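Structure first, commentary second.
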Amino acid sequence: MTKSAIRVAILLCICVAQLCKATGPSISVEIDPSLDQNAMAVWLAYLLAREQYHIEHALPVPTSGEIVPPFEEEVAARNTTVQIYKELKEKDKQLHDDYWETLTQIKAKGFMEAYVWTYLHRPEWPKNDEPKNMAAFEAWKNANLRNHQPKTVGRLTAQTE
């Protein structure tokens, strides 16, 4: 991932934030600027996918503070990011990220919903959102994710201008 591609991603964040200002509180993307450029690109893709989901589904934005993702948003963002990660890897054969490699396997097995529910569960998620394939995921997880540590880098925040 080149520095110019990262600049384009950041400009997209700014454009989306400007669009949101017209309709209510602005959505800001916050991410650690010290990340290496490949990690920055992938995690920006995740945050932009969350932001896109939020806007497309007209989800309410708090007046300030962190925007906590509902279950469906988290699943959609991680699925989208896996696809983007795979596309980036096709262009850059040296690209490798252990976390996104694992999520690529999880998506391929059809377990993204169960993964998100198991590792990223939030108390406000309704019980009826719990995936039906939890038992199958649990067995697969025990065999394949023994030392797995879930990650989330960056966050979306809302601010009233």
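Just so it is clear, none of the values below were taken in a lab; they were calculated from the coordinates. Computed from a prediction, not measured in an experiment: that's the story for all the values here. Methodologically, a virtual Cβ is constructed for each residue, glycine included, from the backbone with ideal geometry; neighbour enumeration extends over all protein chains shown.
Sequence-distant contacts, meaning Cα pairs under 8 Å at least 6 residues apart, place the relative contact order of the range 3-159 at 36 percent.
Rounded to whole Å, the principal axis extents of the Cα atoms in the range 21-74 read 33, 21, 18, largest first. For the range 65-152, the equivalent ellipsoid derived from the alpha-carbon gyration tensor has semi-axes of 23, 17, 11 Å in decreasing order.
Evaluate the charge dipole of the range 3-159 about its Cα centre and quote only its size in Debye, nearest 20, assuming +1 on the Cβ of each Lys and Arg and -1 on the Cβ of each Asp and Glu.
Values: 18 positive and 20 negative charges, 56 e Å.
Dipole size: approximately 260 debye.
Once the convex hull of all Cα atoms in the range 3-159 is built, its volume per residue stands at 122 Å³.
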